[in-house]
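S.K.: Have a look at the structure that comes next, please.
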Amino acid sequence: MRRRTRGYTLTEIILSIAVIGFLAGSLSPLLLRHIQATRAATATSDLDELAAGFQRYRQDTGHWPCLWKPESSPEFHSNLVSMTCLYDDNGLDGWAGPYLSRSAGRVQEREVMAMENGDLWEGFVDPWSRPYRAWFAASATGGGGIVVYSLGSNGKVDTPSRDLLAGRWQGDDQGRVVTPARRAR
């Protein structure tokens, strides 16, 4: 004689779905916080590498990347997109790069830092797929300072320019002071 096996009742199925839904709902915020913390840690590591790359370039060549001179351009923000000088010898004495570990590839025979691919950026970009930025600022007494930073998850600058060189980040901005503004000698 054949014995019939019973399936799950509707009550058991609904109860199982409710338990799974409760667990997923309670664990989602923890997972999202972990993902954000991981992205922030990645940005911190990248910014350390960027600042060190800028400093090594300056030490080797005697110039800042892109040949920025405070006396000719008092202040500007820049997306770090091409920065070919960090990857390829631009004919400067002492160049010993490349100064960064990864890039987006080659464009017109030159290595570039970041490249747009549809709505996203690729290469040496922040964890939110946007190019890192640099702020170059001359001090009122000459000399100047450089900051490399990420706009964070919200994609907006939350830190006023006056706080960048002091390293006082606001909102979800992150950055590294490459060189503080100094008095000209």
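The values are calculated or read from the model by the stated rules, or taken from the named source; none is laboratory data. Everything numeric in this text was worked out from a predicted model, so none of it was measured. Cβ atoms come from the backbone with ideal geometry, glycine included; neighbour counts cover every protein chain shown.
S.K.: Which number in (1) under 16 Å from the mean Cα position of the chain (by Cα); (2) closer than 27 Å to Pro160 by Cβ; (3) modelled with pLDDT of 90 or more marks the one condition that Thr38 misses?
M.R.: Single failed check for Thr38: (2).
S.K.: Let me ask something else about it. Given (1) modelled with pLDDT under 80; (2) part of a loop (DSSP other than H, G, I, E, B); (3) over 17 Å from the mean Cα position of the chain (by Cα), identify the lone condition not met by Gly97.
M.R.: Of the numbered conditions (1) modelled with pLDDT under 80; (2) part of a loop (DSSP other than H, G, I, E, B); (3) over 17 Å from the mean Cα position of the chain (by Cα), the odd one out for Gly97 is (1).
S.K.: Could you give every pair whose Cβ atoms fall below 8 Å, whose first residue belongs to region 91-104 and is on the phi > 0 side of the Ramachandran plot, and whose second residue is surrounded by 14 or more Cβ atoms within 10 Å (Cβ to Cβ) and not small (Gly, Ala, Ser), counting only separations of at least 6 or pairs across chains?
M.R.: What qualifies is Gly94/Asp60; Gly94/Thr61.
One line per residue, one yes/no per condition, for (1) among the aliphatic types (A, V, I, L, M); (2) modelled with pLDDT of 90 or more:
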| residue | (1), (2) |
| --- | --- |
| Leu15 | yes, yes |
| Ser45 | no, yes |
| Cys66 | no, no |
| Ser73 | no, no |
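S.K.: Given the criterion touching a helix residue (DSSP H, G or I) at 6+ places or on another chain (Cβ under 6 Å) and at negative phi, identify the matching residue among Trp128, Trp135, Trp121.
M.R.: Trp135
S.K.: Please verify whether Glu111 is at pLDDT below 90, of a type in the set (Asp, Glu) and surrounded by 15 or more Cβ atoms within 10 Å (Cβ to Cβ), treating the condition exactly as stated.
M.R.: yes
S.K.: Let me ask something else. Quick one: Gly7 ticks every box in (1) modelled with pLDDT of 80 or more; (2) under 23 Å from the mean Cα position of the chain (by Cα); (3) not in a helix (DSSP H, G or I) bar one, so which box is it?
M.R.: It is condition (2) that Gly7 fails.
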